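Read through the structure below, which is laid out as structure tokens, and then see the notes.
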Amino acid sequence: MKYSKYLSLFFLILSLLSCSDFLEQEPGTQTSVDELLQNKTGVLQALTGLYTEVEANVRPERYAVYADLQGGNLKFGPTATGGLKGQISPSANVEQLYSFDDVALSSNFKTFYDTNYDIINQANLILEYTPDLKDATDAEKNQIKAEALTIRAYAHFLLSLVYCQDYKYTADASHLGIIYNTESIKSGIQYPARKTLAETYNLIINDLKTAVENYSDNSLLPGPAYSFFNRKNTKALLARVYLQKGDWINAYEMANDVITNSGAALMSKETLVSEWEKPDLPVSEILLEFSIPKDTEGNVSSSMAQTFGYTSDINFQKYTVSNDLIDLYESSDLRKQLFLTKSLYTIIGGVQTYRDYNFTKKFQNNAGYVAFRLSEMYLIRAEAAFEINRADLAMADINIIRARANASLLTNTANLKENIFLERRKELCFEGFLFFDIARNHKDVSRNDGCIATVCSLTYPSLKYVLPIPTYNTNLNPNLQQNDSY
């Protein structure tokens with residue numbers, strides 16, 4: 001048994017060191033880590049590949065729908081074609097977790113877990129080789145270091161959201177965090193244990209603060225600036241981390257920094273709908289949208305539309321918008337125009353009929369994954385202001401978002417905390433926040449419209465607010481503790 005475990009780990013290391021995406025130079029050929037990372041060109045090639053893997057980890061169905069599906073913003077529509085046309089069933093990729101019953105042995109999120117640690121390992125390799133580059137200036141090395149550190153922190157943060165209870169689950173965040181890797185597997189076989197969540201967040205924050213200090217004004221990689229981490233969107237990530245931690249002063253200051261100094265401006269009331277309906281470019285207030293993959297002719301090969309898209313009555317995806325969300329909007333709210341309503345063939349209880357379903361317009365055509373945009377910073381600043389007893393500032397920020405959407409303005413601070421939560425739900429829907437906001441606010445999950453899971457609600461606290469560590473990984477590492485109840 002022990003021999004089998006070491007053998008499996010040996011092949012895992014080989015795969016990470018020899019066959020990682022960024023080491024693939026062209027079809028059918030690979031190069032060693034030492035060869036690739038010995039000069040600036042190779043390191044930048046590695047960094048480019050690393051962004052590709054990050055994008056491919058967050059854009060596809062599993063993570064892209066997780067927070068909104070679990071929280072109740074999404075429901076399943078009917079099957080578009082084939083023998084099961086009209087029937088409603090969960091997607092196989094999320095079927096277990098949708099009912100809060102993911103199984104460690106066959107976890108829906110195993111690829112997400114593995115890919116994040118592969119990303120972390122690749123980032124660590126870049127960090128280990130970059131200081132010795134002979135053909136890069138100190139400023140260039142610092143820029144590479146900053147982007148790799150941010151990617152490392154981002155991957156760890158995503159893992160902590162999915163696999164750890166919220167920061168205030170225990171009074172001192174002494175509950176289980178994640179394994180935080182700061183060395184590549186090339187450094188040797190190790191069997192690390194999970195940190196506490198307090199330790200995990202300290203490491204994430206330290207990486208991000210170090211990155212901020214090392215950024216220059218320009219990325220070294222070709223492509224649109226919004227596709228890469230930089231100082232301003234790394235500060236946006238820091239603001240999000242501080243919010244999730246409940247560090248209100250730092251959350252306020254960091255969000256305010258981004259709002260004040262990033263150079264980005266909110267979409268206007270006049271362009272709000274048309275910005276989201278653009279077929280190619282991201283919305284104007286974007287802080288980070290990873291570039292979506294394209295084929296050799298420059299055509300988009302996959303996008304968020306593969307999860308949320310509607311093309312015709314026989315060509316659409318399974319994820320539609322629940323009335324639990326739609327009913328939150330006032331009739332005058334412009335954001336209500338961001339739903340595409342279609343009457344689709346449906347079988348209910350064996351009866352053939354047509355029912356109306358709503359698709360989000362946010363992610364049609366060539367839409368990419370929205371990692372950070374400016375509206376989130378206003379909502380972070382509002383929540384943090386409320387928590388530091390500046391309800392006046394919080395209400396002002398909420399009203400900026402509501403005025404832009406043509407929604408009625410708040411006139412007093414009664415129920416302000418709940419209004420902040422609901423404004424986040426309405427403004428940031430399908431951008432990966434709701435379930436994590438529910439947990440962070442110690443709320444219950446209540447999914448009503450269209451819920452076909454075996455379990456549609458959860459009462460906080462619950463052990464099912466987190467997913468199981470995949471069995472394959474706990475078998476490889478005897479010090480990797482499984483989440484309770486799995």
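The values are calculated or read from the model by the stated rules, or taken from the named source; none is laboratory data. Just so it is clear, the structure is predicted and the values come from calculations on it, not from any experiment. Note: ideal-geometry Cβ built from the backbone for every residue, glycine included; neighbour counts use all protein chains shown. With ligands, DNA and RNA removed, areas are computed over all heavy atoms of the protein, side chains included. Shrake-Rupley method; radii C 1.70, N 1.55, O 1.52, S 1.80 Å.
Percent relative contact order of the range 59-123, based on C-alpha pairs within less than 8 angstrom and at least six residues apart?
Values: 37 pairs, mean separation 15.4, N = 65.
Relative contact order of the range 59-123: 24 percent.
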By accessible area with a 1.4 Å probe, ligands and nucleic acids excluded, highest first: order of R62, R152: R62, R152
Whole-number accessible area per residue in Å² for the range 78-142, which is evaluated in the context of all protein chains at 1.4 Å: 42
Estimated FRET transfer efficiency when R0 is 30 angstrom, pair L84-S446 (beta carbons, to 0.05): 0.55
Under the Karplus curve 6.51 cos²θ - 1.76 cosθ + 1.60, θ = phi - 60°, whole-Hz ³J(HN,Hα) for the range 363-380, x wherever Gly or Pro sits: 10, 9, 6, 9, 5, x, 7, 7, 7, 8, 9, 5, 4, 4, 5, 5, 6, 5
Solvent accessible area, Å² - M267, 1.4 Å probe, full protein context: 0
³J(HN,Hα), Karplus 6.51/-1.76/1.60, whole Hz, each residue of the range 412-429, x for Gly, Pro: 8, 9, 5, 6, 5, 4, 5, 5, 5, 4, 5, 5, 4, 4, 6, 6, 9, 4
MRE, 222 nm, helices only [DSSP H, n ≥ 4, -39500 (n - 2.57), over the chain, to nearest 500]: -13500 deg cm²/dmol
For the range 206-217, Karplus couplings with θ = phi - 60° (6.51, -1.76, 1.60), whole Hz, Gly/Pro x: 4, 4, 5, 5, 5, 4, 4, 5, 9, 5, 9, 7
Nearest-10 value in Å² for the accessible area of D295, using the 1.4 Å probe: 70
Theoretical FRET efficiency, 1/(1+(r/R0)^6), r = Cβ-Cβ of Q38 and I249, R0 41 Å, to 0.05: 0.40
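Between their Cα atoms, which of K294/K336; K245/K336; K232/K336; K75/K426; K168/K235; K232/K426 are more than 27 Å away from each other?
Cα-Cα > 27 Å for K294/K336; K245/K336; K232/K336; rest within.
Need the full-extension length gain, E277 to Y345, defined as separation in residues times 0.36 nm minus the C-alpha distance. One decimal, nm.
On the way: separation 68, 0.36 × 68 = 24.48 nm, distance 2.55 nm.
Length difference between fully extended and current span is 21.9 nm.
To the nearest 0.05, what FRET efficiency results for S332 and Q482 with a Förster distance of 35 Å applied to their C-beta separation?
On the way: r = 49 Å, r/R0 = 1.40.
Efficiency, from the Cβ-Cβ distance: 0.10.
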